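Some notes on the structure that comes next.
The values are calculated or read from the model by the stated rules, or taken from the named source; none is laboratory data. Nothing here was measured: the structure is a model prediction, and the numbers come from that model. When we count neighbours, we look across all protein chains shown, and the Cβ atoms used for this are built from the backbone with ideal geometry, even at glycine.
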Amino acid sequence: MTKIENVELEFLTLPDYEALKEAMIEAYPSMPEAYWKEMHIQALIDKFPEGQVKIVVNGELAGCALAIIVDYDRFEARHTYKEVTAGYTFNTHKDSGDVLYGIDVFIKPEFRGLRLGRRLYDYRKELCEKLNLRGILFGGRIPNYHKYAEEMSPKEYIEKVRFKEIHDPVLNFQLSNDFRPIRILGGYLEGDQASSEYAVLLQWDNIYYEKPQTVAATVKKVVRLGVVQWQMRHYASIDELMQQAEYFIDAVSGYRSDFALFPEYFNAPLMADYNHLPEPEAIRELAKFTPKVREKFSELSISYNINIITGSLPEVVDGALYNVGYLCKRDGSFERYEKLHVTPDEAKVWGLQGGSQIKTFDTDCGKVGVLICYDVEFPELSRMLAMEGMDILFVPFVTDTQNGYSRVRHCAQARAIENECYVAISGCVGNLPKVHNMDIQFAQSMVFTPCDFSFPTTGIKAEATPNTEMILVVDVDIDLLRELNAFGSVRNLKDRRGDIYEIRRVGSD
């Protein structure tokens, strides 16, 4: 499998043609002459540039998706590939159409298994929602059907694929991406012997579709958060621990979450092997795993197309021990954050030092901030982040008692109100009898909102069951914050008395 350092989703351009041609030949070995000609790509780009996108991995074209817009009523019935493309001229494309029709999608063999295809389909779904189209249609190949053509009909074959009795790489993928078969198309793609020229007409419905109207409507920006409430338990190795982390990432990614949030010191169970050492030495042994954990999370963020807040991890820098974490973005990049205020226990038992960096992070879902546990109890920090445009504050934490938890919980909720932002907190639950200084944990993970008419009256968007391993999947609407900033019953950010007090960084003008 190719090691990914960077992933970009970009619009296709004509200079990409030679790379696209090479990729198609590799992607369709059973149909080596079935690649698009340059004039076809030019026609698609001219007619509908937004519908033609490519996935670029490490600077190389790894896959592509091509589409047009057509009238649903014309092509929801039986048709062929040649008919829907108007003899490959794509003159069937209509800006006024109401359904996105998939012309092609493929990933080069060397880049398969990294969920890049799902990324292309997610783009199509988002484009469909953006353009207010009723859904997506396309004829899906069934390349393994030729193995069963003599013993069963296409209908029987599809049913067996649906119930996992037969594996079809294309149809299985479409079904797992929420496409539903609506009819069988005979003689669909000329020369597709693997499918016996059959295809399955697949459809995805845009639940946000609204029939065109003259009244102006605001398109909302909705961000989906996946919050992990992590159970402390024994893990035999770092690989076993990261397997559990991947399980949760897979779960929240399956709901198309934009972020996955892990708790503070979620990897503390690995200290069990060093319990015979003094506490300061044991946590420094734990810190040796941090580079590998960060690297694995970065791989998972790409593979599952999700931004991951890695909670917090001990890290040694120039001999000093810090509590840090990473924001691993789904484009392959990552950024580091630090705990600024270590607790008296962290300093006394482990010898941790407080960091010095505080900043917001730009993501594909807007600006976010991260404060680790105790840091959220210092309101100046979140206020500085809010002044830089932060919309969502993530707070990974670990607390042993309900008293400690209450401090984090109530301070986090206050930060949501006073900074007019969303705050997600994620904690650890359970016990670690074989790890000194991490014996017991108490948590109830939550997502907080401001308190105004557009938000829950309690200021709580969602809450986990206390002391139970689980996830929260929560949608937060960024446009509601914009409305609150301007028209809220109270406007905590706008009404600050800058004429009599201010918050600023030390050393700033």
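The table below lists the values:
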| read-out | value |
| --- | --- |
| Some residue of the range 269-292 being part of a strand (DSSP E or B), modelled with pLDDT of 95 or more, crowded, with 17+ Cβ neighbours inside 10 Å and acidic (D, E) | no |
| Filter result for Y255 (over 30 Å from S30 (Cα atoms) and surrounded by 16 or more Cβ atoms within 10 Å (Cβ to Cβ)) | no |
| The one condition in (1) more than 23 Å from the chain's Cα centre (by Cα); (2) at pLDDT below 95; (3) under 26 Å from V222 (Cα atoms); (4) not hydrophobic (A, V, I, L, M, F, W, C) that Y81 fails to fulfil | (3) |
| Unmet criterion (only one of (1) among the aromatic types (F, W, Y); (2) farther than 26 Å from V349 by Cβ; (3) over 22 Å from the mean Cα position of the chain (by Cα); (4) in the same structural domain as K339 (by TED's automatic domain parsing)) for Y198 | (4) |
| Flag for D192 being buried (at least 21 other Cβ atoms within 10 Å of the Cβ), in the same structural domain as L100 (by TED's automatic domain parsing), touching a residue at least 60 places away in the same chain (Cβ under 8 Å) and among the charged types (D, E, K, R) | yes |
| Unmet criterion (only one of (1) at pLDDT below 90; (2) in the same structural domain as V349 (by TED's automatic domain parsing)) for K494 | (2) |
| Candidate set: the range 318-354, residues that are part of a loop (DSSP other than H, G, I, E, B) and among the basic types (K, R); chosen: the one nearest to V398 (Cα to Cα) | K339 |
| Hits in the range 409-439 - residues which are assigned to a helix (DSSP H, G or I) and either farther than 15 Å from E377 by Cα or out of contact with any strand residue (DSSP E or B) (no Cβ under 6 Å at 6 or more places or on another chain) (or both) | R409, H410, C411, A414, I417, E418 |
| Complete set of residues in the range 247-268 that are assigned to a loop (DSSP other than H, G, I, E, B) and either aromatic (F, W, Y) or out of contact with any Leu (no Cβ under 8 Å at 6 or more places or on another chain) (or both) | Y255, R256, F262, P263, Y265, F266 |
| Some residue of the range 120-138 being within 20 Å of E197 (Cα to Cα) and within 31 Å of the chain's Cα centre (by Cα) | yes |
| Conditions (1) farther than 24 Å from K3 by Cβ; (2) among the charged types (D, E, K, R); (3) modelled with pLDDT of 95 or more: number failed by D73 | (3) |
| Options V170, V200: the member that is of a type in the set (V, I, T), closer than 22 Å to G113 by Cβ and touching a Lys or Arg at 6+ places or on another chain (Cβ under 9 Å) | V170 |
| Filter result (part of a strand (DSSP E or B) and surrounded by fewer than 17 Cβ atoms within 10 Å (Cβ to Cβ)) within the range 442-462 | I460 |
| Exclusive hit being within 21 Å of the chain's Cα centre (by Cα), in the same structural domain as A272 (by TED's automatic domain parsing) and not acidic (D, E), set L472, L432 | L472 |
| Close pairs (6 angstrom Cβ cut-off, 6 or more residues apart or separate chains): surrounded by 11 or more Cβ atoms within 10 Å (Cβ to Cβ) in the range 477-498, modelled with pLDDT under 85 anywhere | D477/K220; I478/K221; D479/K220; D479/K221 |
| Condition check for K155: free of Cβ contacts under 8 Å to residues at least 60 places away in the same chain and at positive phi | no |
| Selected residue (criterion: surrounded by the fewest Cβ atoms within 10 Å (Cβ to Cβ)) from residues of the range 366-397 that are in a loop (DSSP other than H, G, I, E, B) and modelled with pLDDT of 95 or more | F378 |
| The range 98-150, subset part of a strand (DSSP E or B) and among the aromatic types (F, W, Y), residue nearest to G186 (Cα to Cα) | F138 |
| Residues satisfying the stated conditions in the range 355-365, i.e. assigned to a loop (DSSP other than H, G, I, E, B) and within 26 Å of the chain's Cα centre (by Cα) | Q357, I358, K359, T360, C365 |
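Results for (1) outside any helix (DSSP H, G or I); (2) more than 34 Å from the chain's Cα centre (by Cα); (3) closer than 30 Å to D98 by Cβ; (4) not assigned by TED's automatic domain parsing to the domain that holds V105, shown as yes or no for each residue.
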site: M152; (1), (2), (3), (4): yes, yes, no, no
site: E156; (1), (2), (3), (4): no, yes, no, no
site: K160; (1), (2), (3), (4): no, no, no, no
site: N172; (1), (2), (3), (4): no, no, yes, no
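Each row is one residue, and each column tells you yes or no for (1) surrounded by 14 or more Cβ atoms within 10 Å (Cβ to Cβ); (2) in contact (Cβ under 8 Å) with a residue 60 or more places away in the chain; (3) touching a Pro at 6+ places or on another chain (Cβ under 6 Å).
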site	(1), (2), (3)
L9	yes, yes, no
E18	no, no, no
K21	yes, no, no
E76	yes, yes, no
D98	yes, no, no
R112	yes, no, no
